[in-house]
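The values are calculated or read from the model by the stated rules, or taken from the named source; none is laboratory data. All values reported here derive from a predicted model rather than from experimental measurement. Cβ coordinates were reconstructed from backbone atoms using ideal geometry, including for glycine residues, and neighbour counts include every protein chain displayed. These accessible areas exclude ligands, DNA and RNA; they are computed on the full protein's heavy atoms, side chains included. Shrake-Rupley method; radii C 1.70, N 1.55, O 1.52, S 1.80 Å.
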Amino acid sequence: MYFESFADFLEMGRHGFYVWTAYGVSLALIVTNLVAMVHRRRQVRAEIRRASRREEAVENHPRNEQSS
Amino acid sequence: MTGFAPTLARELRLGLCARAEIINPLFFFLMVVTLFPLGLDPEPDLLRRIGPGVVWVAALLAVMLSLDQLFRRDYESGALEQLLVAPVALYFPVLARLLGHWLLTGLPLVVLSPVLGGLFALPAAVLDELALSLLLGTPILTVVGAIGAALTTGLGRGGMLLALLVLPLYVPVLIFGAGVVGRSLAGYDVDAVFALLGALLALAVSLGPLAVAAGLRISSGD
Amino acid sequence: MWNWLKKWYHKLGSPRYFYEITGAWLPWVWPLAVLTLGAGLVWGLAFAPPDYQQGNSYRIIFIHVPAASAALLGYVAMGVAGLVALVWRMKMAEIMIKAIAPFGATLAAIALITGAIWGKPTWGTWWVWDARLTSMLILLFLYLGVIALQNAITDPRQAGRAAGLLAVVGVINVVIVKYSVQWWNSLHQGSTIRMTEESTMPPEMLTPLLISMAGFYLLFACIVLVNARSEVLWRERRANWVRRELSNVL
């Protein structure tokens, strides 16, 4: 550990503002991408499941069963 | 309508009929350049320093905006479809079309550029270098821009999208082109820069039409 | 070896095979990415010695340099995928272009923002037309162009190939941009200021930098793979294997 104390670590020798802003902004941008990624994954899966249930329901409907 | 000479002749004939397509980019070029001394300060020293860059940026925008219509007319009339299904390589027809377009829009800009250089208090000694840099540079702008035009032809909302695609690709040409006069004014030898522009031109002319042809095929849904 | 590679390449071209094999990889790659990135950044932030000239502000470099290099590498990867999409019309290559572009653009933006923040205490100004920063800005524009074109075309296959062509042209351009910007910079700026001088960097700074770089690459790979998998499912949504795959998890 290079720093003497945690306060020192936050201080970064007067450059704390710059260092932590840089890390904070980068983290925020990366997290935004991760959220978008998870959201898209869920959305796609939910959409496909819904479509597949809908088609099953249509197939199993009594009117369609008699005709097929 | 797939040979080199017939395509070029047709392109020139059509272009000369629609005179606005030649004159509008030229006026645009002139007007954009005029805005800078008005927006800044008509002091000769300042004008001399920004002159080459301003003329180059204005030429670049004029070429780019004129390209939006390059394939649209043929796309809408179905002539493009005909060209794409013809059993010949697309390289030469595309090259002819680009050459025709450059002769009608790029070349007039080159011819007008010494006058604009004069408006920016550039010494007479560098005016021919300005014109030569544009002579080598504007065909590159036409070819590279045509790739973007080919990709956006069927989209119906060219303008802004075309600019987004094409402007980053124009950066090196702008740097070297506008750099020629800057270097010359600073007393350097500029032969090497002309050679570089020439190399870029050779690259653009040899590979560019292939990319344009590929872009046209993609746009037509092939 | 060559035949094996060729066979594997053709297999990877199949969306189903891609989906299955990356599904097996991801549970390993995710933790590895998080660990590497965490280790590199914590080391860089807390354990590496300060720079004798810049003090602690140089610690921004542990994000800046990896983000910049990953953004550049990502664009080259996109160009390669674009070439494959154009020449062999491989569906997976089109999907990869779409998966790479957003995070690649984010990384370029991160490199620019951290570069600006680093510049304030070091150069005394947020923005300097430094050759590297300028090239990175153009790279961001190139990414944005690919994303804009991708979004403007509704047919996914057409959009994929159009974006592929633009990426290929862009890669050639990136090389020329790099040299032209260096030339331009040497013309307009007498004293060249370098963001980093890797060659003179002592090992106790270089090691965490390299670890953090590996972490950024791995994170990039993870995000690209997950996004590509979502896209595979979406494009193949009518296929039986997708339906079966999703009903299993219920």
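Of the chymotrypsin sites (Phe, Trp or Tyr not before Pro) found in region C:1-105, those that fall in a DSSP loop while having at most 15 other beta-carbon atoms within 10 Å are C:TYR52, C:TRP88. Between B:MET160 and B:MET31, residue separation times 0.36 nm minus the direct Cα-Cα distance comes to 44.4 nm. Between chain A and chain C, roughly 3200 Å² of accessible surface gets buried, counting both sides and using a 1.4 Å probe.
Helices that extend 24 Å or more along their long axis by alpha-carbon positions and average at least -0.5 on the Kyte-Doolittle scale are, among the DSSP H runs of chain C, C:15-42, C:61-87, C:91-123, C:131-152, C:156-188, C:203-235. For the residue pairs C:LYS11/C:LYS178; C:LYS98/C:LYS120; C:LYS120/C:LYS178; C:LYS7/C:LYS98; C:LYS6/C:LYS178, the alpha carbons lie more than 28 Å apart in C:LYS11/C:LYS178; C:LYS98/C:LYS120; C:LYS6/C:LYS178.
If one takes the longest principal axis of the Cα atoms in chain B, at what angle in degrees, from 0 to 90 and to the nearest 10, does the Cα axis of helix B:4-17 lie? With both axes taken from Cα atoms, the answer is about 70 degrees.
Near C:MET78, once Lys and Arg are set to +1 and Asp and Glu to -1 for all other residues with Cβ below 12 Å from its Cβ, the sum equals 0. Dividing the Cα radius of gyration of region C:26-84 by its Kirkwood radius returns 1.13 for Rg/Rh. Across chain B, Cα-Cα pairs farther apart than 24 Å form 43% of the total.
Two decimals, Cα atoms only, Kirkwood Rh: what is Rg/Rh over region B:17-141? Present the calculation step by step, with values, prior to reporting the outcome.
Numbers: Rg = 17.3 Å, Rh = 15.9 Å.
Ratio of gyration radius to Kirkwood radius: 1.09.
Extent along the principal axes, Cα only, for the protein assembly as shown: 80, 75, 47 Å, with the longest axis given first. Principal-axis analysis of the Cα atoms of chain A puts helix A:16-60 at an angle of about 10° to the longest axis. Under the simplified labelling scheme, the C:LYS120-C:TRP2 pair shows an inter-label distance of 5.6 nm, with each label point 7 Å from Cα along Cα→Cβ. Compared with the dominant principal axis of the Cα atoms in chain B, helix B:107-119 is inclined by about 20°.
Diffusion coefficient of region C:1-109 by Stokes-Einstein, Kirkwood radius over Cα pairs, 25 °C, 0.890 mPa s: 147 µm²/s. Diffusion coefficient (Stokes-Einstein, Kirkwood radius over C-alpha pairs, 37 °C, 0.692 mPa s) for region C:1-46: 255 µm²/s, rounded to a whole number.
An ellipsoid equivalent to region B:88-147, defined through the eigenvalues of its Cα gyration tensor, has semi-axes of 29, 9, 8 Å when rounded to whole angstrom and sorted largest first. The largest accessible area among C:LEU149, B:LEU207 belongs to the first residue in B:LEU207, C:LEU149, and the rest follow in falling order (1.4 Å probe, all chains). For region B:1-84, the equivalent ellipsoid derived from the alpha-carbon gyration tensor has semi-axes of 37, 11, 11 Å in decreasing order.
Residues in region A:26-68 average 77 Å² of solvent-accessible surface per residue, probe 1.4 Å, ligands and nucleic acids excluded.
With 20 Å² as the minimum drop in accessible area between chain alone and full protein complex (1.4 Å probe), the qualifying residues in region C:222-240 are C:ILE223, C:VAL226, C:ASN227, C:SER230, C:LEU233, C:TRP234.
At q = 0.13 Å⁻¹, what is the base-10 log of I(q)/I(0) for chain A according to the Debye formula with one equal point scatterer per Cα and no solvent? Please give it to two decimals. Values returned for q = 0.13 Å⁻¹ are -0.64. When the residues B:VAL115, B:VAL190 are ordered by accessible surface, computed with a 1.4 Å probe over the protein chains alone, the sequence from largest down reads B:VAL115, B:VAL190.
Modelled label positions at A:GLU11 and A:ARG49, each set 7 Å beyond Cα in the direction of Cβ, lie 5.3 nm from each other. Say the dipole of the protein assembly as shown comes from +1 at the beta carbon of Lys and Arg and -1 at that of Asp and Glu; which of C:VAL181, A:GLY16, B:GLY3 then lies farthest toward its positive end? Result: B:GLY3, furthest along the dipole toward the positive end.
In chain C, the alpha-carbon atoms span a convex hull of 159 Å³ per residue.
What is the mean number of Cβ atoms from other protein chains located within 10 Å of the Cβ atom of each residue in peptide A:36-48, rounded to a whole number?
Working: counts 5, 9, 2, 1, 5, 5, 1, 2, 10, 7, 1, 3, 10.
Per-residue shielding by partner chains comes out at 5.
Solvent-accessible surface, computed for protein heavy atoms with a probe of 1.4 Å, shrinks by 30 Å² or more for the following residues of region C:109-125 when the other protein chains are added to the isolated chain: C:ILE110, C:ILE113, C:ILE117, C:PRO121.
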